[in-house]
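Asks: Would you mind keeping the following structure in view while I ask a few things?
All of the numbers you see were taken from the coordinates with simple rules; none came from a lab. Note that the coordinates shown come from a computational prediction; the quantities given were computed from them, not determined experimentally. Positions of Cβ are backbone-derived with ideal geometry, glycine not excepted, and every protein chain shown enters the neighbour counts.
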Amino acid sequence: MKLSKITFSESAREDILNLYGKSIDEEGFIVEKENFSQRVLTPQGEEIRLEEWAGIRKGSEAFIKNDIFSLIELAKKLD
Amino acid sequence: MIEVKDENRLTLDLSKASEEEKKKIKENILDPLIQRQEEVFLIDDSSQKTQKIKQNLPDDNDESLLKFYKDKLKPEWYKALEASIILRNAFKKGHDVTELKRDISRRYPLFGNNLCNLTTEGYFDTHFKQLYNDMIEEDFDILVYQKKVERIITSLPYTVFVTRFKTYDQLSSEVVFKLERLKRYGTGRLLLHGIGRENVSTTLVLLDEYEAEKTITIQKDINLKETIITATLIF
């Protein structure tokens with residue numbers, strides 16, 4: 001697994017989420033577009049706010065938080 | 001829509017793309033990257049942050065240190081230690097670590113900042129290791145060790161570490177300085193902590209300076225072999 005050389009700007013966050021069937025609830029958490037009551041979770045089981053969201057990877061571990069702890073786990077898996 | 005940041009990075013900005021264009025970008029760029037090539041697609045800042053973390057992952061010495069503490073610290077303290085070691089590596093290389101430190105403090109508000117500082121200053125390489133090695137020679141309970149470590153870390157702003165790397169005058173001045181500051185702003189107690197016979201002796205001499213002080217009560221906790229001391233000055 002590697003980091004893509006294509007990144008996205010902060011302003012593109014909502015657009016990218018929208019493209020992948022996600023939206024934002026009134027408290028700022030990322031939710032399933034089809035079911036606003038279902039908040040998406042990180043691999044660690046944490047709900048995630050829009051401003052905390054770092055990006056996507058393949059599979060069920062799709063949602064990555066932008067904090068050092070989530071990114072350490074990601075960095076360990078990179079080639 | 002696509003900005004070239006440097007020769008190695010392209011950044012997507014969809015603010016001016018139509019809905020149709022966004023869908024095409026997903027089908028033709030994002031999905032192939034994520035699904036087939038198994039690339040991780042991140043916000044620009046997060047990508048840089050991840051690269052910084054990757055460059056500073058624990059080396060062999062760090063791994064050895066982490067292995068030592070793996071079964072000795074509570075899981076969240078261990079996680080904070082691992083993150084702090086990475087931060088230390090980045091700091092030594094001159095990287096900006098503000099955001100990394102903020103992450104640690106936010107996740108662990110009670111102890112994150114202090115643990116991070118103590119890691120950078122090498123206390124987990126020396127002091128807390130020695131504490132464990134000294135404690136294990138006597139009637140040992142890992143929970144007591146954990147409590148001692150936690151107490152020291154959470155009380156860092158009002159702790160004086162008695163070490164042989166400081167002169168007696170430096171230590172004495174530090175006690176005076178912290179006492180005065182704590183009397184004005186603090187919680188009414190100052191901890192002195194020393195490991196090793198020499199430091200225990202030094203601590204006792206420091207405490208002698210306050211024996212006659214009517215406004216200060218001294219509590220001493222010394223192990224049987226007199227190699228570990230935690231003293232509290234209560235005022």
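Asks: At q = 0.15 Å⁻¹, what log₁₀ I(q)/I(0) does a Debye calculation on the Cα points of the protein assembly as shown give, no solvent, two decimals?
Replies: -1.13
Asks: Under a crude label model (7 Å from the Cα following the beta-carbon direction), how far is B:LEU156 from A:SER37 in nanometres?
Replies: 4.4
Asks: Efficiency by 1/(1 + (r/R0)^6): what FRET value for B:PHE165 and A:LEU78, r their Cβ-Cβ distance, R0 = 30 Å, to the nearest 0.05?
Replies: 0.20
Asks: Report the FRET efficiency, 1/(1 + (r/R0)^6), for B:LYS147 and B:HIS95, where r is their Cβ-Cβ distance and R0 is 35 Å, rounded to 0.05.
Replies: Result of the calculation: an efficiency of 0.55.
Asks: If you don't mind, another one. Which of the lysines could be linked to A:LYS22 by a straight reach, that is with a Cα gap under 17 Å, when you skip same-chain ones fewer than 8 residues away?
Replies: Reachable lysines: A:LYS33, A:LYS58, A:LYS65, B:LYS22, B:LYS23, B:LYS26.
Asks: Turning to a different aspect of this structure: With the contact rule set at Cα under 8 Å and sequence spacing of 6 or more, what percent relative contact order holds for the range B:183-235?
Replies: Answer for the range B:183-235 is 49 percent.
Asks: Another question, if that's okay. May I ask you to derive the relative contact order of the range A:18-79, considering only C-alpha pairs under 8 Å and at least 6 residues apart, and to give it as an integer percent?
Replies: It comes to 20 percent, rounded to a whole number.
Asks: Another question about this same structure. Need one value for A:51-57: mean number of C-beta atoms belonging to other chains within 10 Å of its residues' C-beta atoms.
Replies: Taking the mean over all residues of the peptide, I get 5.
Asks: May I pose another question? Evaluate the distance, in nm, between pseudo-label points positioned 7 Å from the Cα of B:GLU138 and of B:ALA17 along their respective Cα→Cβ axes.
Replies: Rounded to a tenth, the inter-label distance reads 6.5 nm.
Asks: Next question, about the same structure. Calculated FRET efficiency, B:GLN48 and A:LYS58, Cβ-Cβ r, R0 22 Å, to nearest 0.05?
Replies: It comes to 0.55.
Asks: What's the local net charge at B:THR159, with K and R +1, D and E -1, over the other residues with C-beta under 11 Å away?
Replies: Summing Lys and Arg as +1 and Asp and Glu as -1 gives +2.
Asks: Can you put B:VAL200, B:VAL40 in order of Cβ neighbours within 10 angstrom, beginning with the fewest?
Replies: Arranged by neighbour count, lowest to highest, B:VAL200, B:VAL40 become B:VAL200, B:VAL40.
Asks: Given contacts defined as C-alpha pairs under 8 Å and at least six residues apart, what's the relative contact order of chain B, whole-number percent?
Replies: 11
Asks: So for B:VAL205, B:VAL160, fewest C-beta neighbours within 10 Å to most, what's the order?
Replies: With the fewest neighbours first, B:VAL205, B:VAL160 line up as B:VAL205, B:VAL160.
Asks: Okay, next question. Sequence-distant or interchain residues sharing an amide H contact under 5 Å with A:THR7, placed H: which?
Replies: B:LEU10, B:THR11, B:LEU12
Asks: Taking the alpha-carbon set of chain A, what are its Rg and Dmax in Å?
Replies: Cα-based Rg and Dmax for chain A come out at 12.3, 38 Å.
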